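Colleague: Take this structure, written in structure tokens, and hold onto it; I'll ask about it next.
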Amino acid sequence: MKIAIASGKGGTGKTIVSTSISMSVNNAVYVDMDVEEPNGAIFIKPEISREIRYTVPIPEFYEDKCIYCRKCEESCVYNAISIIPQAKKILFFEELCHSCGVCKYVCPVEQAIIEKPKAIGTIRIGEKNGLKFIDGILDVGIPSSVPLLSGMKKYIPNDEIVIIDSPPGASCPVVEVVKDSDFVLLVTEPTPFGLNDLDIALDIVKDMEKPHAIIVNKSENNNNLAREFAEKRGEYIAMEIPFDRKIAENYSKGIPLLTEEYKIRFKKLVEDIREGKL
Ligand code: SF4
Ligand code: SF4
């Protein structure tokens with residue numbers, strides 16, 4: 001059972017919710033796929049036992065072998081190659097390359113294109129009191145996190161409960177994470193900005209036909225925006241976490257929500273998901 005904790009807007013409390021759930025249930029695996037800003041380790045404080053530099057193949061062009069047929073340029077849907085036959089020049093825009101391998105496949109000349117590995121980030125594996133921990137750290141300057149996210153999946157064990165801290169937003173990285181999840185918990189805050197982004201994230205999750213529910217963080221009794229929103233869209237709020245100074249202070253110190261009350265609530269939430277009650 002893979003449960004993705006997602007949100008439209010960043011800063012809604014996705015990480016405190018996902019780390020707290022992971023630490024509340026037994027034999028879980030916590031996977032931090034928010035690779036541009038992974039901070040689950042601040043809450044879990046794992047012992048890291050393994051660090052893997054993750055690489056993707058990118059082409060290297062050899063102008064002395066190239067016959068300037070332009071087949072690679074025409075085949076690259078990401079416009080990462082520009083061939084100038086008159087000047088016998090190959091321009092390669094590495095940051096646009098998606099490592100698809102098509103250019104090498106279509107090139108008629110052996111050795112005109114050779115693939116070489118390019119490091120794009122680090123995957124760390126660790127443990128804390130029986131909780132398995134995996135996170136990914138995207139290198140600075142790497143334009144897309146999707147290859148690293150897809151590489152991280154190879155290291156996710158098939159344990160009973162896998163809690164995935166998804167990237168924020170509503171674009172390719174979220175889709176990459178959510179597509180392999182069995183259930184999505186969308187964490188929001190009851191503000192117009194939070195709900196606007198939740199609206200977009202909900203569209204994605206529904207398009208992908210993923211079972212899902214909402215968690216409202218920083219909830220206030222007199223603030224009905226999130227409840228009104230959920231009612232209007234026919235969505236279910238599985239949990240509300242109050243706007244509480246103590247929680248915020250603990251959050252700033254990297255302390256998850258692990259009071260007895262919350263442990264029981266998070267365990268029950270996971271049980272309900274597993275039993276198909278949500
Ligand atoms: S590997 Fe794919 S994306 Fe990269 S340059 Fe070649 S065809 Fe373009
Ligand atoms: S397909 Fe190969 S030979 Fe043709 S332009 Fe590209 S690198 Fe050169």
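Colleague: Taking segment 204-240, which residues are under 17 Å from residue 167 (Cβ atoms) and of a type outside the set (A, V, I, L, M, F, W, C)?
Modeller: Of everything in segment 204-240, those that are under 17 Å from residue 167 (Cβ atoms) and of a type outside the set (A, V, I, L, M, F, W, C) turn out to be 210, 212.
Colleague: Go through (1) in the same structural domain as residue 168 (by TED's automatic domain parsing); (2) surrounded by 13 or more Cβ atoms within 10 Å (Cβ to Cβ); (3) of a type in the set (A, V, I, L, M) one by one and return the number of the condition residue 140 breaks.
Modeller: (2)
Colleague: Oh, and also: Would you mention how many residues in segment 155-166 are at pLDDT below 95 and either within 23 Å of residue 206 (Cβ to Cβ) or not assigned by TED's automatic domain parsing to the domain that holds residue 196 (or both)?
Modeller: The total comes to 0.
Colleague: Okay, moving on. Among the numbered criteria (1) surrounded by 13 or more Cβ atoms within 10 Å (Cβ to Cβ); (2) more than 10 Å from ligand 2 (Cβ to nearest atom); (3) at positive phi, which one does residue 5 miss?
Modeller: Every condition holds for residue 5 apart from (3).
Colleague: Out of everything in segment 39-61 that is more than 16 Å from ligand 2 (Cβ to nearest atom) and of a type in the set (Asp, Glu), what residue ends up being surrounded by the fewest Cβ atoms within 10 Å (Cβ to Cβ)?
Modeller: Out of the qualifying residues, it is 47.
Colleague: If I filter segment 16-60 down to residues being of a type in the set (Lys, Arg) and assigned to a strand (DSSP E or B), which single residue comes out as farthest from residue 138 (Cα to Cα)?
Modeller: Result: 50.
Colleague: A further question follows. With closer than 30 Å to residue 6 by Cβ, of a type in the set (A, V, I, L, M, F, W, C) and out of contact with any Leu (no Cβ under 8 Å at 6 or more places or on another chain) as the only criterion, which of 41, 80, 87, 28 stands out?
Modeller: Only one candidate qualifies: 41.
Colleague: Quick one: would you say residue 206 is assigned to a helix (DSSP H, G or I) and without any contact (Cβ under 8 Å) to a residue 24 or more places away in the chain?
Modeller: Yes, satisfied.
Colleague: Restricting attention to strands (runs of 3 or more DSSP E) lying wholly within segment 81-154, give those where 3 or more residues are within 13 Å of ligand 2 (Cβ to nearest atom), more than 30 Å from residue 23 (Cβ to Cβ) and modelled with pLDDT of 95 or more.
Modeller: 81-84, 89-92, 113-128
The values are calculated or read from the model by the stated rules, or taken from the named source; none is laboratory data. Treat the numbers as computed from the prediction; the structure is a model and nothing was measured. Ideal geometry is used to build each Cβ from the backbone, glycine not excepted, and the neighbour counts take in all protein chains shown.
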